[in-house]
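Structure, as structure tokens:
The values are calculated or read from the model by the stated rules, or taken from the named source; none is laboratory data. Since we're looking at a predicted model, the values are computed, not measured. All Cβ positions, glycine included, derive from the backbone under ideal geometry; neighbour counts span all protein chains shown.
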Amino acid sequence: MAGEDSLISNVSDTARWVAAYRAVETTRPDALFRDPLADRLAGERGHAMAVAAPRIMRNGWPVVTRTKLIDDLVATSIQQGCDRVLNLAAGLDTRPYRMNLPEDFVWVEADLPKMTAEKDIALAAEAPRCTLIRRAVDLADADARAKFLDAALGPVGPQAMPATKALVLTEGLLVYLDEGTVADLARALTRPEIAWWLADITIGMKRTRGNTSMFENAPLRFEPTNGIAFFERLGWQPLEVEHLLVHARKLRRAPWFLVPFTYLRQPDPHAPGRYPWSGVVRLRHSPENCGMRTRHPT
Ligand SMILES: C[S@@+](CC[C@H](N)C(=O)[O-])C[C@H]1O[C@@H](n2cnc3c(N)ncnc32)[C@H](O)[C@@H]1O
């Protein structure tokens, strides 16, 4: 296994890598979002990771497209009455500093202790646009996670009110957890205060990304061959299923050599099998099938 001096020495370093793509997007005149803090947070190391990444993702299209889709779905959820966001594995994400959020809105971030400590220091002089709470927690530890969820959904913020319609975001987290931990997380998030779960799902990337030694210290683990059916079996029904590469082409971020694939019939996200598929899904817990809406089917 690569050592501490490798570009990615542990899973938290991947937060620098994705921040670098947001920083580059921010410099474009036609930027899909602007994240002015991303460049500093990514640092030289984050930018070096972006340059060293496999060619298939080097221009950052998966992260940029995912960020834009998630921005839009967070905004939609708030319009639909969301009263709290829990960003699990927030990494170096800066949405509370850059999105248009109500001042009294409560946004809770969680990540591993070293990451939250680094972010506290890096952003100490910046003012979030809402009430921001940052907590250190290992989300793979069931007891620590349960305590965190109880506190994060409880009476906090200026009004000291408990959440009633929370959105949980797990952007870039699930791939680093094993299948059993993702299933436990899905059960732990099944609570009346949580209205939606917004996640990205990546299948078939082990072959393209996992083979490079750069990611040796942050291996991909969760790639369910039954796609979003994995979540449906645990009672989480998709409200939106957004295919990343198809959106990347529509947003003019797909690399030219992948564009032709976006016009082919896409794998069924319920059963992609061994075909690569990555997307963003917003899920709602309901034992009954509430139907799937795909905004941009091909
Ligand atoms: C690819 S980064 C994504 C960060 C952020 N969500 C974003 O999209 O910019 C993965 C993040 O997952 C966090 N992470 C991985 N395993 C974790 C765990 N067991 N508990 C808490 N955070 C974890 C890492 O520290 C890192 O910040």
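Tabulated data for the structure shown
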| quantity | calculated |
| --- | --- |
| Residue in the range 28-40 that is surrounded by fewer than 16 Cβ atoms within 10 Å (Cβ to Cβ), within 15 Å of residue 91 (Cβ to Cβ) and either of a type in the set (Asp, Glu) or more than 10 Å from the ligand (Cβ to nearest atom) (or both) present | yes |
| Condition check for residue 57: crowded, with 21+ Cβ neighbours inside 10 Å, within 16 Å of the ligand (Cβ to nearest atom) and modelled with pLDDT under 95 | no |
| Residue among 89, 75, 48, 38 that is closer than 20 Å to residue 139 by Cβ and in contact (Cβ under 8 Å) with a residue 24 or more places away in the chain | 89 |
| The range 144-173 residues that are free of Cβ contacts under 8 Å to residues at least 40 places away in the same chain, paired with ones that are assigned to a loop (DSSP other than H, G, I, E, B) and within 12 Å of the ligand (Cβ to nearest atom) (beta carbon under 7 Å, 6 or more apart) | 144/137; 144/138; 148/137 |
| Residues satisfying the stated conditions in the range 24-52, i.e. small (Gly, Ala, Ser) and touching a helix residue (DSSP H, G or I) at 6+ places or on another chain (Cβ under 7 Å) | 31, 38, 42, 43, 46, 50, 52 |
| Number of positions in the range 174-198 that are more than 14 Å from the chain's Cα centre (by Cα) and assigned to a loop (DSSP other than H, G, I, E, B) | 6 |
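Conditions (1) charged (D, E, K, R); (2) at pLDDT 85 or above, marked per residue:
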| site | (1), (2) |
| --- | --- |
| 184 | yes, yes |
| 193 | yes, yes |
| 200 | yes, yes |
| 211 | no, no |
| 219 | no, yes |
| 245 | no, yes |
| 254 | no, yes |
| 259 | no, yes |
